[in-house]
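One structure is given here, and the rest of the page talks about it.
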Amino acid sequence: MEKPLTQHITPDRKPLSLKEYEQVGGYRAVHKILKELTPEGVTNLVKDSNLRGRGGAGFNTGLKWSFVPMGPEVPRPKYLVANADEMEPGTFKDRILLEGNPHQLIEGMIVASYAIQADISYVFLRWAYKKAAQEITKAINEAYAAGYLGQNILGSGYSLEMHLHTGVGRYMCGEETALLNALEGKRATPRAKPPFPQVSGLFGKPTIVNNVETLCCLPHIVNNGAAWFKGLSRTGDAGTKIYGVSGKVNKPGAWELPMGVTVRELIEEYAGGMKNGYRFKGALPGGASTDFLVEEHLDTPMDYPSIAAVGSRMGTGTMIILDDHTCPVGFVHNLQHFFAQESCGFCTPCREGLPWVEKILLSLDRGEGKPEDIQLLNFHTKALGPGNTFCALAPGAMEPLQSALKYFGEDFERHINEKQCPWK
Amino acid sequence: MLTAEEVSQIEHEISLVPVRKAAGIEALKIVQQHRGWVSDESLKDTAAFLGVSAEELDSVATFYNLIFRQPVGRHVILLCDSISCWVMGYEKIREHLMQKLGIKYGQTTPDGRFTLLPNVCLGTCDCAPALMVGPDLYQNVTPEELDEILSRYN
Ligand SMILES: Cc1cc2nc3c(=O)[nH]c(=O)nc-3n(C[C@H](O)[C@H](O)[C@H](O)COP(=O)(O)O)c2cc1C
Ligand code: SF4
Ligand code: FES
């Protein structure tokens, strides 16, 4: 089984230096694109590879790039940003790539930057990733010294700057237009679209924001081709995916696997099954803002369309398990506390609705719930749903709530009827 | 007054962006790094240096979780209170910390050693529960080992 993204990552070992990375074939993709491919050629290759964005939405990466204005007359500088904000609760995949092989990310960023002819690139890294910050700083310096960054890279005439920017802690910084505001020194509130960042992004200039895992796929696609990348997968979605499992399983962790392994394989084979005495009750397949899957969905392949077909989203592909000893109301309360706190406050339904939802769930959890609370919660799942708020935070927050009400409705009712949490 | 060192670091950040005020977050980070937190006076000085109103810069400073507008202890403990750590029983860690340090969230020990804050998912959910003390990450934390962890900081 091929594991292109993690093949050179060994836990508890320092990441490869630039020299070591070159010895295992690193930066070959940079040589290749600069010698053999036009920017459009790279974009078409990535489009053909069917790489879909690993930041959560799953948009075709090459297609996203193709909206960037090209040619001599366009506004400059153009920007590329690596989204390394990773703050979606339950998600710990980009950390592995950032700490484990920073040169792979830098090489991927050079490939993406060349394709859109970016002049300046940023790694937008969350504050908490201290080790990653050290490794990336070191790797960027090495890449400059070796001539992979800076003026006239490898004599090609193409130039690219790269900087590390560390955030100061806010989930909204991960939303791509809010991230651009944060990079401009402003509050991380989202921007209206259109104009899309591809046309008017950072400081009003054409900008692409891509997730870390997305960018790390690029050198391998350049080296091995689109057909190879598609062949890595078991299903229609291409490539490998870094999947993860956390919760009451025997071996929580993350693994690079062919796209499309099933939920059951992840839990039973890779995560070693449920801990002794605990039973599987449900799972959020891809972070806090995805709908619950339950037992009947265990054989669903983890890819974008298959998970969508059973009413959820692949999201980040890192799964959080709900077990039978854990109260689903308390679980959802914890999530809504997070979303209410991290709401940027820009639009009313989200700013007012999320704290209300949190309050209702807390009162249920304390055995103080009223029968009409269920209806109120259901109302919010619609009122804060897609189309009613300015960005995707609030609709994302409603996904675990609406599916919990659907699958665990009886447990919500019991809190009201028994006037206490049956799990306490 | 900003120190000469702060000024030169902020100037460097300003040189990397097209407009002065775009360096606002970096400037706040620099001030906090030197002083531990951002007081009203530091905020005003920084705003004046960037050419923005103190109110505007404060709206940025207070938006972010990790810019401290109140004094903090020498070591800030960030305890993950997000979902995987909740499932894995972070509440026991919270109780133990609060009891041991005699403080609640947002408070600082009287000796100025520790400030305790809740934090969103630290991105290490397979090793829950997790916390950070200053820049150091601790994983799979048990109440039993907390005393030893805290003793490393003075
Ligand atoms: C509230 C919110 C938080 C987000 N956080 C992240 C994040 O931490 N990392 C990330 O890559 N994408 C995040 N996204 C998705 C980004 O907006 C964007 O779609 C993504 O970075 C695009 O990269 P991709 O096309 O490579 O997936 C977030 C979206 C929302 C609505
Ligand atoms: S949905 Fe929430 S996070 Fe998004 S813009 Fe509105 S208030 Fe801000
Ligand atoms: S939920 Fe605590 S580290 Fe992710």
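The values are calculated or read from the model by the stated rules, or taken from the named source; none is laboratory data. Since the model is a prediction, treat every value here as computed from it, not as a measurement. Glycine gets a Cβ as well: all are built from the backbone with ideal geometry, and neighbour counts include every protein chain shown. Accessible surface areas use protein heavy atoms only, side chains included; no ligands, DNA or RNA. Shrake-Rupley method; radii C 1.70, N 1.55, O 1.52, S 1.80 Å.
Each Lys or Arg adds one and each Asp or Glu takes one away; over the other residues whose Cβ falls under 15 Å from the Cβ of B:GLY24, this sums to -1. No disulfide-compatible partner, judged by a Cβ distance under 4.7 Å, exists for the following cysteines of the protein assembly as shown: A:CYS173, A:CYS216, A:CYS217, A:CYS327, A:CYS344, A:CYS347, A:CYS350, A:CYS391, A:CYS421, B:CYS121, B:CYS125, B:CYS127.
Using C-alpha pairs below 8 Å separated by at least 6 residues, the relative contact order for the stretch A:328-417 is 36 percent.
Straight-line cross-link partners of B:LYS29 among the aspartates and glutamates, defined as a Cα under 12 Å from its Cα and at least 8 positions apart when in the same chain: B:GLU6, B:GLU13. Rounded if a/c is under 1.5, else prolate if a/b is larger than b/c, else oblate: which is the protein assembly as shown, with a ≥ b ≥ c the root eigenvalues of its Cα gyration tensor? In terms of gyration-tensor shape, oblate. The region of chain B that goes longest without hitting one of the trypsin sites (Lys or Arg not before Pro) in a DSSP loop, each with at most 13 other Cβ atoms within 10 Å, is B:1-103. Taking every DSSP helix (H) stretch of at least 4 residues in the protein assembly as shown, weighting each as -39,500 (n - 2.57) and dividing the sum by the residue count yields a mean residue ellipticity at 222 nm of -12500 deg cm²/dmol. Let me know the shape class of the stretch B:4-61, please: from the alpha-carbon gyration tensor, a ≥ b ≥ c as square roots of the eigenvalues, rounded when a/c is under 1.5, otherwise prolate if a/b is greater than b/c, or oblate. Taking the square roots of the gyration eigenvalues as a ≥ b ≥ c, the stretch B:4-61 is oblate.
Please report the spacing between the Cα centers of the stretch B:107-154 and the stretch A:350-369 in Å, no decimals. The distance from the Cα centre of the stretch B:107-154 to that of the stretch A:350-369 comes to 28 Å.
A DSSP coil position with no more than 16 other Cβ atoms inside 10 Å describes the following chymotrypsin sites (Phe, Trp or Tyr not before Pro) in the stretch B:2-81: B:TRP37. Taking all Cα pairs closer than 8 Å and separated by 6 or more residues, the relative contact order of chain B comes to 19 percent. By accessible area, using a 1.4 Å probe on protein heavy atoms only, chain B has 51% of its surface on carbon and sulfur.
Remark: for residue pairs A:LYS248/A:LYS419; A:LYS424/B:LYS92; A:LYS14/A:LYS131; A:LYS32/A:LYS78; A:LYS19/A:LYS138; A:LYS14/A:LYS248, the C-alpha separation exceeds 18 Å in A:LYS248/A:LYS419; A:LYS32/A:LYS78; A:LYS14/A:LYS248.
Straight-distance candidates among the aspartates and glutamates for linking to A:LYS359, with alpha-carbon spacing under 13 Å and chain neighbours fewer than 8 residues away dropped: A:GLU368, A:ASP373. Starting from the stretch B:79-154, pick out the chymotrypsin sites (Phe, Trp or Tyr not before Pro) whose DSSP state is loop and whose Cβ has at most 15 other Cβ atoms within 10 Å. Of the chymotrypsin sites (Phe, Trp or Tyr not before Pro), the ones in loops of the stretch B:79-154 whose Cβ has at most 15 other Cβ atoms within 10 Å are B:TYR105, B:TYR153. Separation of the stretch A:302-334 from the stretch A:15-84 is 31 Å, based on Cα centroids. A rounded overall shape is assigned to the stretch A:18-231, the ratio a/c of its alpha-carbon gyration tensor axes (a ≥ b ≥ c) being less than 1.5.
Report the residues of the stretch A:89-107 in range of a label on A:VAL24: point 7 Å along Cα→C-beta, backbone N strictly under 18 Å from it. Under cut-off, by backbone N: A:94-107.
Residues of chain A were split at every exposed loop site, defined as GluC sites (Glu not before Pro) in a DSSP loop with at most 12 other C-beta atoms within 10 angstrom, and the longest piece left, sites excluded, is A:74-417. Each chain gives up part of its surface: B and A jointly bury about 3400 Å² of accessible area, both sides summed, for a 1.4 Å probe. Annotation: per residue accessible area for the protein assembly as shown equals 39 Å², rounded to a whole number [probe 1.4 Å, protein chains only].
Run the numbers on chain A and let me know its relative contact order in percent, using alpha-carbon pairs under 8 Å that are six or more apart.
Once divided by the residue count of chain A, the mean separation gives 16 percent.
Bridgeable aspartates and glutamates around A:LYS3 (alpha carbons under 14 Å apart, same-chain partners fewer than 8 residues away excluded): A:GLU213, A:GLU256.
Once you list every other residue whose beta carbon is under 11 Å from the beta carbon of A:GLY396, what net charge do they have if Lys and Arg are +1 and Asp and Glu are -1?
Neighbourhood net charge equals -4.
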